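Structure first, commentary second.
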Amino acid sequence: MDGKRITVDELEEYIEDHPYKELVREFITTAFTAGAIVSVDRNGCFRVITKVPQMECIKFNGNDIVGTYMSIHGKGFSHNDLAHTWIATSYIHGQTGEEIFSDGFAIGDFPLSDGFWNAIHKSIDLAGICPFCGKRVGIENLKHVGFADKACEDCYPAAKKKIEFPGWYN
Ligand SMILES: [Zn+2]
C-alpha cells in the first residue's frame, strides 16, 4: 500500500477542498471506527484497508487475502464520490518483518453516500461472484484475468481472450 498512514485527527487537512468533503469525512471516520488502516497518497487519494474475517480464506497470487482495499479519489479526480473496492492481500516483508498490503482483483464501486458499512457488506457479498456469468463460486474458485478482473473456471478462457488481447497491457 503506497502513501502515508494517517490518523482520524489528521483527516480534516486532507479533505479541505474535496468536492464531497462531508461524504468522505463520514465514510472515512466510520472506517477508522471499524479499525481500518487509512493512508493518503501524494495525489490526495485515500487508501482504506479493512480486515474482514469472512474473506480470510485463501491465498491470491501467493499472498494472504485479508479483506477489502478501498480507494477514494482525491479532489480533481473523476468519480471521487465513489469507493472503489478490491480484494486486499497482505504479505510479510522478509527483511523488515513488516506486514505489506496490496490490492488483488476488483470487486466493485460503491457510492460514498451509502456509507462505509454498506460498501463493506456489499463487497463481502460480491467478492465471490463471477462477473461474467453471475455465478457465486467463492473467491477461492475465481481466477485472475487482466489487471484486476476475475472469472470462474468456465468463463476464464473467454474472459482471458476478451481482456488479454494482443498488446492489452500496453
Ligand atoms: Zn463465470
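Computed from the coordinates by the stated procedures, all read-outs in this text should not be read as laboratory data. All values reported here derive from a predicted model rather than from experimental measurement. Here Cβ is always computed from backbone atoms with ideal geometry, including for glycine, and neighbour counts include all displayed protein chains.
Tabulated data for the structure shown
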{"quantity": "Within a Gaussian network of the chain (alpha carbon springs, distance under 10 Å), most fluctuating of Glu99, Glu153, Glu26", "calculated": "Glu99"}
{"quantity": "Separation of alpha-carbon centers, segment 104-170 and segment 51-97, rounded to whole Å", "calculated": "14"}
{"quantity": "Computed Rg/Rh of segment 1-139, alpha carbon atoms with Kirkwood Rh", "calculated": "0.97"}
{"quantity": "Cα centre as origin, Lys/Arg/Asp/Glu Cβ charges: the chain dipole, Debye", "calculated": "660"}
{"quantity": "Computed log₁₀ I(q)/I(0) - Debye formula, equal Cα scatterers, no solvent, segment 72-146, q 0.20, 0.24 Å⁻¹", "calculated": "-0.97, -1.11"}
{"quantity": "Dipole of segment 4-127, positive end: most advanced residue of Gln95, Leu82, Phe46 [Cβ charges, Cα centre]", "calculated": "Gln95"}
